[in-house]
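The values are calculated or read from the model by the stated rules, or taken from the named source; none is laboratory data. Nothing here was measured: the structure is a model prediction, and the numbers come from that model. Cβ atoms come from the backbone with ideal geometry, glycine included; neighbour counts cover every protein chain shown. Each accessible area value is taken on the protein alone, full model and side chains, heavy atoms only, with ligands, DNA and RNA left out. Shrake-Rupley method; radii C 1.70, N 1.55, O 1.52, S 1.80 Å.
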Amino acid sequence: MIESNDLIDPFCMEDNPLKITFEDITSAAFKTKTGVINTPCVQSRLSEMTGMDLYLKKDFLQVTGSFKERGARNALLKLSDSQKKNGVISASLGNHALALCYHGLSLGIPVTVVMPVVAPIMKIASCQQYRANVIVKGVDMGEAKKEALKYAKEKGLIYINGYDHPDIMAGQGTLGLEIMDQVKNIDAVVVPIGGGGLIAGVALAIKTLLPNVTIIGVESERCPSFFLARQNDKPTFTAIQSTLADGLAVPMVGYNAFATANPLIDKLVVVKEEWIAIAILRLVENEKCIVEGAGATGLAAILSGQLDELRGKRVVLPLCGGNIDTTILGRCLERGLAADGRLVKFSAQVSDRPGGIAELCTLLASIGVSIKDIIHERAWIMSDIFSVDVKVVCETRDKEHAQQLKMILNKNYSKVIFGIDDIVPSLSSIE
């Protein structure tokens with residue numbers, strides 16, 4: 001019988017964190033150069049809008065859609081012959097599992113992944129297509145990891161942590177080497193933080209060769225695990241909430257990742273959900289890049305005004321993942337439009353006589369507002385039997401256009417209420 005105290009990852013120990021070296025990263029770059037795509041890093045069309053010379057490192061163009069392939073391939077190649085024969089195991093919600101399964105198949109190494117029941121069905125199916133042994137078990141990542149460690153001990157498999165294994169961090173650092181090769185005279189790199197493996201590798205690679213480059217880490221306000229770790233000077237369990245940046249939703253940063261990255265991060269930023277939605281929208285509209293919430297947080301930090309000191313500077317943003325479910329993408333775009341003031345909801349009481357609703361529609365059309373949805377209610381209006389309550393969702397050009405809509409409605413109707421869903425509570429300016 002395996003006790004829970006025996007379920008320990010020997011590569012990730014609180015009392016003995018393993019810091020990687022620059023040589024680990026260069027070795028990983030050599031090992032993975034034939035199996036991982038050297039993705040483009042191009043100047044962004046958003047440069048003028050942000051006031052920065054902005055470059056986008058498009059690592060969502062990897063075969064499985066995220067930077068995780070770099071670490072996964074390096075970790076698999078570092079195994080001994082006997083370990084390769086036995087195989088590896090990991091717990092993951094998606095991107096790490098996909099990367100491990102894909103490169104395991106490519107290298108002929110058996111891979112088992114334990115995915116919690118909340119893992120996206122599409123990602124589970126994709127892992128199965130790579131002929132991996134996929135176990136769906138556990139209500140969350142915590143339970144899935146315990147199951148994976150238990151299975152590893154029973155079967156003699158190597159457990160590969162998706163963000164804290166030293167070989168994983170070294171592999172992620174190859175992204176930093178590519179950035180320095182592709183963009184000259186960099187002033188800053190803005191890196192999303194989940195478990196900390198990516199920023200640990202990238203920061204070490206860049207700071208070793210270009211110590212004056214500013215490294216900025218970004219988290220969602222709904223999972224600020226690195227922020228709390230810095231406050232407590234050690235990885236600390238963090239209660240996380242559902243977030244658009246689900247790839248960053250790690251309740252505790254890695255021991256190795258924190259030890260490596262913390263001294264190298266110059267600034268840490270926590271962004272609100274509405275800015276992540278707006279960043280996803282901006283990347284789709286301006287760059288034609290479909291990026292998941294985690295990959296958009298760097299741009300979210302810039303758009304929210306928290307990095308204004310970088311105006312006029314040359315800044316690189318790693319777009320580290322593009323595995324976003326199509327239904328979630330639709331929600332993100334709508335919430336981005338709402339946060340941008342381009343999707344507005346209001347209710348108004350209008351006359352119930354013939355033509356009353358038509359007058360409202362004509363009024364909206366006169367200022368170029370497009371009606372997306374409209375419903376009306378009669379039964380629940382107690383104050384005026386000759387009125388009807390009309391609820392409208394409409395599209396505007398921008399926040400200024402939304403303000404124009406508010407002014408003209410208040411001028412023509414006595415009872416107008418503006419409101420949007422709780423996901424973007426900061427839009428009091430048009431409520």
| query | Do any residues in the range 222-251 that are surrounded by fewer than 19 Cβ atoms within 10 Å (Cβ to Cβ) have Cβ atoms under 7 Å from those of residues that are at pLDDT 85 or above and in a helix (DSSP H, G or I), where the two are at least six apart or on different chains, and which pairs are they? | reply | 230/262; 236/228; 236/229; 251/225
| task | For residue 135, indicate whether it is under 30 Å from residue 305 (Cβ atoms), surrounded by fewer than 23 Cβ atoms within 10 Å (Cβ to Cβ), in contact with a Phe, Trp or Tyr (Cβ under 9 Å, 6 or more places away or on another chain) and not acidic (Asp, Glu). | result | no
| query | Inside the range 154-175, can you point out the residues that are touching a strand residue (DSSP E or B) at 6+ places or on another chain (Cβ under 9 Å) and farther than 17 Å from residue 69 by Cβ? | reply | 155, 157, 158, 159
| request: Scan the range 8-53 residue by residue and report those that are touching a strand residue (DSSP E or B) at 6+ places or on another chain (Cβ under 9 Å), among the small types (Gly, Ala, Ser) and in contact (Cβ under 8 Å) with a residue 40 or more places away in the chain. | output: 44
| note | When the range 99-113 is checked residue by residue, the ones that are surrounded by fewer than 19 Cβ atoms within 10 Å (Cβ to Cβ) and part of a loop (DSSP other than H, G, I, E, B) are 108, 110
| field | Members of the range 270-304 that are surrounded by fewer than 24 Cβ atoms within 10 Å (Cβ to Cβ) and in contact with a Phe, Trp or Tyr (Cβ under 9 Å, 6 or more places away or on another chain) | value | 270, 289, 290, 303, 304
| request: Residue by residue through the range 252-295, note down the ones that are within 17 Å of residue 216 (Cα to Cα) and not hydrophobic (A, V, I, L, M, F, W, C). | output: 260, 262, 263, 266, 267, 272, 295
| message | So, in the range 35-87, exactly how many residues are of a type in the set (Asp, Glu) and closer than 30 Å to residue 311 by Cβ? | response | 3
| Inside the range 334-362, can you point out the residues that are farther than 16 Å from residue 394 by Cβ and surrounded by fewer than 18 Cβ atoms within 10 Å (Cβ to Cβ)? | 351, 352, 353, 354, 355, 356
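Mind checking which strands (runs of 3 or more DSSP E) fall wholly inside the range 114-231 and carry at least 2 residues that are at pLDDT 95 or above, of a type outside the set (Phe, Trp, Tyr) and more than 20 Å from the chain's Cα centre (by Cα)? Explain how you work it out, then say what you get.
Details: elements: 133-136, 188-192, 214-220.
Ranges flagged: 133-136.
Which is out of contact with any Ser or Thr (no Cβ under 9 Å at 6 or more places or on another chain), free of Cβ contacts under 8 Å to residues at least 40 places away in the same chain and open to solvent by 20 Å² or more (accessible area, probe 1.4 Å), of 185, 212? Walk me through it before giving the result.
Details: 185 fails: free of Cβ contacts under 8 Å to residues at least 40 places away in the same chain.
Answer to the selection: 212.
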| Any chance the range 194-206 includes a residue that's touching a residue at least 40 places away in the same chain (Cβ under 8 Å), closer than 23 Å to residue 317 by Cβ, in contact with a Ser or Thr (Cβ under 7 Å, 6 or more places away or on another chain) and open to solvent by 20 Å² or more (accessible area, probe 1.4 Å)? | yes
| So, in the range 378-409, of the ones that are within 16 Å of residue 361 (Cα to Cα) and of a type in the set (D, E, K, R), which residue ends up modelled with the lowest pLDDT? | 389
